[in-house]
Every structure is written in structure tokens, then in C-alpha cells.
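Take a look at the structure set out below.
Taken together, the values in this text are just the output of simple stated rules run on the coordinates, not laboratory data. Note that the structure is a prediction, hence the values are computed from the model and not measured. We place every Cβ from the backbone using ideal geometry, glycine too, and count neighbours over all the protein chains shown.
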Amino acid sequence: MVRRELGTTGFALTPVGFGAFKIGRNQGIKYATGYDLPDETLSHRILNAMLDIGINYIDTAPAYDLSEQRIGDALAERRSEFVLSTKVGERFERGISTYDFSESGVLDSIGRSRERLRVDVLDLVFVHSDGNDVHILRETEVVPTLRFLRDEGVVRAIGFSGKTVDGAREALAWADAIMVEYHLDDLSHEPVIEEAAARDIGVVVKKGLASGRLPPHEAIEFVLSNPGVTSLVIGGLNVDHMRTNLEQAWRVIGR
């Protein structure tokens, strides 16, 4: 099966990745409709099924509440089968998001993620922006701390998941990969995707279906027809829907 290289990281990702938000959190959501949080047994079944249908990339974050713990519990024995990304900067506890981009905050977050995910080395860690992208990258300790952790071998690759074009462009100076919102209704990051590709920096797309507002068939084809995009992260709890999404992705890029 065809996979796309994530810049120079050495990781090759399936064109659709699984966004693990919904297996861990259903509070403070931005989706049009709510959903029941799956219990532990169902979440483990969903995670294993995602690997079984051929997805080799899972994205999570401490801000996804139970998500990291559930991934670690469910997939510890299958760790070699997939690439895993998590994030630093945002936490979600007792129904509230808090942000910490300090050195101590990043180190603590990385330690907690390694413990929950049951790994010694994290594949890919993104900065989880609160929207103040340029300030975070220029005025806080998050970037030098992540670069140190990469140099020490605690993290294999680092990147930025922001909200603005200026932030994504700023991150190209140091990131191995960027995560950007890109879909038919929002083309603002298209020039940055081209710049990243020219510099051999990986691009992961989030919200490619505009949080469920766009038809999956059209949205997937649009995002993955851009050769600068490595993988499109799609969240959900329905394995059959994810299988259909993956099959559509294969048709776009070829098996």
C-alpha cells in the first residue's frame, strides 16, 4: 500500500490517519452534534480496528483527556505497527483547557505522555497552540525545549499544530512537520503547504472535512490531491466510515 514520506523524519504514513479525540473526550467540543464517549472496551476495539483496516498513523494529545491512556492500554503490544503523534502545550482537566509552554511544562507533559502511551521514545510531538502562534514560537521556551528533547532522543520528530498562516510559516524554520487546517472552504494554508514541501517538511492536515461539514468523498479527494500533504487526520468512532475514507484515499493517491 502506498504511503507518503513525512518530510525527512523517516516515517511513512498512510494517506488517512486516525484522530483519537473522540475516544477520549466529549466535553468542550466544536463538532456540530454531540456524541457519547465510548467506554474503555469499545475504545480499545475501535483502536485495534483502525490498525486492522490498514491505518498506520494515530494522532492524539493530552488535551484529548482519556485518549493517550486508552491508546497506551489498547495498543502497547502493537506499537511497531503505527506512527504516533501527540502534543505539548495544552491540557484538559476537569472540563477546562489550560496552556503551558514553559520548559518545565513541556518536560512534565512529555513525561506524562510517555507514561500514558507506554513508550520510552515519542515518534512525533506537535506544539498544541492556543491561537497565539507567533508569540508562542518566539517568546516561550517550547521550541528550544522540544529541540533539546529531539537531540536527546526522547522525541524522534517535532512540529507545530497552529491556527494561523503566520504561525505555520514561522515553524518552517525548525519543524520536521506542521499540522494545518486545510479544506475546500479554507485554502489559506495552501502557500505554506507548498513552502513546506519545497523544504522537505512534512504536512499533516487537520479538519480536512471542516469538522463534518463537507462531503467526505469531495473533501478527501481535494486534500490528498495536493502532493505537499502527507496525511489527512480524520476523527470518528465508526470504523466502517473510516474504512470508506481510507479506500477513497487509496483511490486518490493509488495503492
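How many lysine pairs are close in the chain, with Cα atoms under 13 Å apart and the two 8 or more places apart or on different chains? Lysine pair count for the chain: 4.
Over the stretch 117-225, what is the mean sequence separation of C-alpha contacts under 8 Å (at least six apart), divided by residue count, expressed as relative contact order in percent?
Details: 158 pairs, mean separation 23.7, N = 109.
The normalised contact order for the stretch 117-225 reaches 22 percent.
Look at the dipole of the chain built from charges on Cβ: of TYR64, VAL205, PRO216, the Cα furthest out on the positive end belongs to PRO216.
Please report the net charge: other residues with Cβ closer than 11 Å to the Cβ of ILE234, K and R +1, D and E -1. Here the count lands on +2. The Cβ shell under 10 Å around HIS44 holds other residues with a net charge of -1, Lys and Arg each +1, Asp and Glu each -1.
Taking every alpha-carbon pair under 8 Å whose residues sit at least 6 apart, the chain reaches a relative contact order of 22 percent.
Computed 3J(HN,Hα) for the stretch 228-234, one whole-Hz value per residue from the Karplus formula 6.51 cos²θ - 1.76 cosθ + 1.60 where θ = phi - 60°, is x, 8, 7, 8, 10, 8, 10, glycine and proline marked x. Using only DSSP helix segments of four residues or longer, with each worth -39500 (n - 2.57), what per-residue ellipticity at 222 nm results for the chain after dividing by its residue count and rounding to 500? Computed mean residue ellipticity for the chain: -11000 deg cm²/dmol. All C-alpha pair distances within the stretch 152-255, sorted into 10 Å bins from zero, spread as 15, 46, 30, 8, 0 percent across the bins.
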